[in-house]
1. Yes or no: A:V438 crowded, with 20+ Cβ neighbours inside 10 Å, without any contact (Cβ under 8 Å) to a residue 40 or more places away in the chain and closer than 30 Å to A:K584 by Cβ?
2. Hey, can you tell me all the residues within the range A:1065-1097 that are closer than 20 Å to A:S1010 by Cβ, in a helix (DSSP H, G or I) and away from chain B (no Cβ under 14 Å)?
3. Are any of the residues in the range B:101-111 within 14 Å of chain A (Cβ to nearest Cβ) and either under 29 Å from B:Q273 (Cβ atoms) or buried (at least 24 other Cβ atoms within 10 Å of the Cβ) (or both)?
4. Give me the pairs: first residue in the range A:1157-1173 and more than 21 Å from A:L1040 (Cβ to Cβ), second residue among the small types (G, A, S) and part of a helix (DSSP H, G or I), beta-carbon distance under 6 Å, and six or more apart or on different chains, which are they?
5. Which condition breaks for A:I448 when tested against (1) closer than 23 Å to A:E680 by Cβ; (2) crowded, with 22+ Cβ neighbours inside 10 Å?
6. Run down A:G976, A:G996 and say which single residue is out of contact with any Pro (no Cβ under 9 Å at 6 or more places or on another chain) and at pLDDT 95 or above.
7. Which condition number in (1) within 14 Å of chain B (Cβ to nearest Cβ); (2) at pLDDT 95 or above; (3) touching a strand residue (DSSP E or B) at 6+ places or on another chain (Cβ under 8 Å) is the one that A:V762 fails?
8. What's the number of the only condition in (1) under 25 Å from the mean Cα position of the chain (by Cα); (2) closer than 30 Å to B:D294 by Cα that B:M1 fails to meet?
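The values are calculated or read from the model by the stated rules, or taken from the named source; none is laboratory data. This structure is a prediction, so every number in the text was calculated from the model and none was measured. Cβ atoms come from the backbone with ideal geometry, glycine included; neighbour counts cover every protein chain shown.
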Amino acid sequence: MARKMVTIDGNEAAAYVAYRLSEVVAIYPITPSSPMGEHSDAWGAVNKKNLWGTVPHVCEMQSEGGAAGAVHGALQTGALTTTFTASQGLLLMIPNMYKIAGELTPTVFHVTARTLATHALSIFGDHGDVMAVRQTGWAMLAAGSVQEVMDFALISNAATLRSRVPVVHFFDGFRTSHEVMKIEALSEDDMRAMIDDELVRAHRARALSPDRPVLRGTAQNPDVFFQARETCNKYYDAAPAIFQAEMDKFAKIVGRQYHLFDYVGAPDAERVVVVMGSGAEVAREAIEHMVAKGQKVGAVIVRLFRPFSVKHFVQALPKTVKGIAVLDRTKEPGAIGEPLYQDIIAALEESMGEGSCPLSSMPKVVGGRYGLSSKEFTPAMVKAVLDNLSAASPKNHFTVGINDDVTHLSLDYDAGVDTEADDVVRCLFYGLGSDGTVGANKNSIKIIGEDTDNWAQGYFVYDSKKAGSVTVSHLRFGPRPIHSSYLISRAKFIGCHNWTFLEKVDMLTNALPGAVFLLNSPFDQSEVWDKLPRRVQEQIIEKKLKFYAIDAIKVAGEAGMGQRINTVMQTCFFAISGVLPRDKAIEHIKAAIKKTYGAKGDKIVQMNYAAVDSTLASLHEIKVPAKATSTIELPPVVSPEAPEYVRNVTAKMIAGEGDSLPVSAFPVDGTFDTATSQWEKRNIAIEIPVWDSSICIQCGKCSIACPHAAIRMKAYDKAELAGAPATFKSVAYKGKEFGPDKVFTLQVAPEDCTGCGVCVEVCPVKNKTDVSKKAINMEPQLPLRETERENYKFFLGLPDNDRTVIDLTTVKGSQLCRPLFEYSGACAGCGETPYVKLLTQLFGDRAIIGNATGCSSIYGGNLPTTPYAKDANGRGPAWCNSLFEDNAEFGMGYRLTLDKFAQYSRELLQKMADQVGETLVSEILNADQTNEQALAAQRARVAELKKKLTQINSPDAMNLLSLADHLVKKSVWILGGDGWAYDIGYGGLDHVLASGRNVNILVLDTEVYSNTGGQMSKSTPRGAVAKFAQAGKPMPKKNLALIAMSYGYVYVATVALGANDSQVVRAFQEAESYDGPSLIIAYAHCIAHGINMKTGFSHQKAAVESGHFPLLRYNPRLMEEGKNPLKLDSRPARIPISDYAYSETRYKMLTKSQPEAAAKLIELAQRDADNRWKFYEQMAELNYSHASENGVNKG
Amino acid sequence: MDLSTTYMGLKLKSPLMPGASPLTADLGSLRQMEDHGAGAVVLHSLFEEQLTHEQKELHHYMMQGTEGFAESLSYFPDIDSFKLGPEEYLEHIRKAKESLTIPVIASLNGVTRGGWIDFARQIEQAGADGLELNVYFIPTNPDLTGGEVEAIYLNILAAVKSFVQIPVAVKLSPFFSSLPNMAHKLDGMGANALVLFNRFYQPDFDLEEMEVKPRVRLSRPGGNLMSLRWIAILYGHIKASMAATTGIHTAEDVIKSVLAGADATQLCSVLLQLGVREVSTILDGMKKWMDAHDYESVAQMKGVMSQKSVAEPAAFERANYMKALQSYK
């Protein structure tokens, strides 16, 4: 079978081989490895066969720990088995990895190497995770490019079967896993030639079988364990040679020769770097550049890191080497040096000692760190590392790529070093997440890679926000294979696909002189120039850029494509860049359109064709005047009123200049101030809501629904209106709790609103004279921005409503409270954030939140800014994210401390009663803390206590002072999604529920792994399509509420804001006030449901009305009164499941892909709903009158 | 007793023809219809706009939010093929043809020139015995003349007729200034049958939500008087077959339609309300009436009460209106 050139990313390259060489694939999603599992699942769903003509079983597990267990079991029973993972996922596999290696079981885990969470989580790439498994006994093979990923996936499979040593095949997360590259695809013949079927059968023969029973996994004692552990040595001794033999065999078959350690550079090099992974590609480019200039430098590229072959390593070194710089992409605080550095030192020492080293003397060896969390690693940095070796006393344990102004370990480097050849075309495209730019660029790369002789590379940088996100596409193509595994900073073509970016991103700083600048402009060609900011005009003139503009929105709109301008801009790119003749390019673009969209119907294809055909007539070259004339200046990134840290540090991150921040800018332990999202004015809404005060009934529904806390309401004294801006609106307040004659304002935060429109959808009031209007209506943001900014500022200055008089059991009451979660990076129209916001409104000033990794931890804690906020007293939620799997336990840890400290402080208080005063002590100890007035009174008492304590000089006083705040009740909240609660964290969640401790667990149930891109969880409903459930989930949604109810002493509520917002508020209050474990399962619509996010609340309503998501509250306190604890808050189904389901793409798409399966599953889903309701109804009817007699065990 | 009839050139064992409804989308129901004595079936409609809408909707929601955030570059599995064209419908025709011995008439619904021809051709290739065109057009533009509206119907019919060999019926609305003239034009253009009349779903107001909401109201027994009048008027003046539809619930309704001149009658609401079994009930009722009134065949009954045949032709005209009002008093 001939080999063909393909343009794919690293994940697909790995999965391409792994799938074909597997019989069982156990998977679990984790960034950036998820696409490997997704590819495998998709191939399995269409019955794609492996190398031996059978379709592998692809099975999603509940965690990486589960996946590793399943892999272990599948291997023990003889299947060729694999999995894919990264980072924390790999850590969860460690226990099984020891077992698998200890049992000498051949397998390959394909790992997208990713940062481990330490002071912060990072989804990006480094070797922290793989270095954490180097001691498990697995071989470790590092691929540095997409081609190597595919090649090494095969070599590692061949080698593991022969050596019986399991292999971690790793490549750099994102940089390689997500880099799209033109490579030569291996054929199945290549795979057959490399994989020895005898070895496959030998693996099978070692498997467990009752037909030839053996026992594996004994418990051994001090007498024999040690000896038995040493029996594997010969396998490890033999492994390096086996890997090299397989590499040699591969070279013979395929033509690409690899070595355990590859050397590039001058044969007489004196200075070399040792590096592995994608950094090796960069090093290669830098070395070739330096060698061409006559420098005696080289690089040793480590392929097989474990088992480490000293012999092969020293043989790779030129005899002339005098200095070695070892680069590690990981950090091990407290170690002598990082792992590769230590290995190299040990290898040299050992070989020198044995006399096997070809070097005449021990070279100078230094080690350093680079590229943590995908920090850029460029040829300039490689040069700096090599230059360091030339110094009389080279810096050891250095860092490169950052400015360490604290411990001064970083090497300076000249960012101006350019090692790329002139004939490599480098292009940058700045797009909006929703406009299809990245997809189009992936297509362009494919066109260039597969339809021309060019080599091509694409890499894509994404945003930290999910709404209004900016994407930057880095495309290279040229006549030779591309090794530049780093971002483009000198572009020959820059495409700006959104006009607003001109004010936010300094993109032309990356333009080479004479480059092309293509701008999507809403203005006519005659106006474009004058509308540009001055800085942009100056750069265009200064760099002599060729400037083109097109109104792509107009062209796309006319073709029926709305905001998706991808095809238009792609056509412009090909037309201007000349990479292909225009006609040819258009032919290829159309072919790509057909290929990409053909599955979704001819209409989409035709719309795109129409866009292509009408593009060129609207593309204009703009004449560039000799002088910049614009008076438009770039606005400041953050307000001058922002705190110093925000101005100096956060603002840099917001502006995309975070790379320039030095070490000293950061806290030592990952602790950041809350309430900084208020300074990041994103202005991403095209339209914002405008309040019609004349018809508003002040119900608060718009406010409770707003996912970004961009709608606020306050009631206040009329006198406060003094100095209000002219356009500031207010009306008489429809309520008496704050006293007579109060006024009311509902105010929109114009620059923080994402324009989702949910508020308008949920507004219950219609304008009597124009029924198309409500009490809140969307209007264009730009004309309102200035006035509403002033209005919002004035509004924020109004006093917050007094919590002690608000009725916090109502929707309206809750919304009169200041939200302490605001302007997060969640999707526009997010279904989760309204619940989080509500939590902070009700309990935020005494809440401590443990947040499972997932959407809620990302929009809750992803820098640059923090959405959790503080009230006027400086109180607000304290928040931390531990892990994905342990969040319930993590939150319970909070509770244990809080309970301990509450107890200890009470003990101290009693002990100090004489000094503090009996009355105060008694009041504090006996205080009611069940409502806001009581809490306020207790806070006042504690303040008095603290004042007294400061005047007492004793250890007890000092201790009590440090603990006194614990005398005010705290509220522990454990937040996470269904992936956590139903799957990976379920064991812990169950334990915490069982513990009886007073914690509140809020499950933001989107019924899918939202953050990692829509993989099935056990919450996914039957019949819904998700990744890993391409044919519709065959099993029903797990009934977590029922499981929790079975304890009898757990407060349980299922809630859906869109169906019954009052019930949500009641449930939150009941859960929080319950002195025991509470579980709230909150239905959250999600972009992964394939719905119009504006109408998310109506989908929630339909989920409830169809009986898919019945609302209930199970309140164990009722049993004490002899009442049934279960109360059904929704009515029997009023619409069939199909009415609800088929309004969502996740269900409906199955009717279009597998109609018969869809029909069957929806019928079963209806049965699920019917049965569940019948069961609940009967449960709610049970007689509990005996319970009061026997008492209730609350644990 | 001979219940057979000929409709648009097709031989039907009875004039009872379940019309396009969700019931005819179900293969099991189709089989029951035949078992209970239906002469032909009209499958549920293939909606051109629905297909386009579904394509756009699926594309939009599958792409929404993609390629913007590094962890979630997409939200749905990458499925290679969707049945978003008429495949599902065509497959239904094929299966219906395999399962039934009675003629299977497909139904195509739309307003633009767009998909008609291609879909019609594919429907023919899938084995349909006939095709019913349901031109769902509500003129709202005050500049559009009656002639232009008529031209839309005629152009679509002409286009479809030139591409398919199977007989083509046109389902009409009653809202033409001169229905007989329109019927003549369609007849002249080669329509093999006229189906009188379609029931546009009428919008309704929700007085609580203050919203316009479509409401499906099933027809009632005896609701066939309009088609009865026009079939009686047209009978004998056009070559095309005629089918009565809307409000045919009982044997009496069917008998009246045939007496007016209908070659077949479409049953829809009654089957949705009472079940497919109602076909045989109606058929039994017909037989009883025919027996009691000495009719040996449907052919014998056809048109005997048409305007041409009745003693008082003016009864179908304005005078009848006056009479009706007086009788009400």
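1. For A:V438, the condition - crowded, with 20+ Cβ neighbours inside 10 Å, without any contact (Cβ under 8 Å) to a residue 40 or more places away in the chain and closer than 30 Å to A:K584 by Cβ - is met.
2. A:F1097
3. Within the range B:101-111, one or more residues are within 14 Å of chain A (Cβ to nearest Cβ) and either under 29 Å from B:Q273 (Cβ atoms) or buried (at least 24 other Cβ atoms within 10 Å of the Cβ) (or both).
4. A:I1162/A:S1138
5. It is condition (1) that A:I448 fails.
6. After ruling out the rest, the residue left standing is A:G976.
7. Status for A:V762: all satisfied but (3).
8. Result: B:M1 fails condition (1) only.
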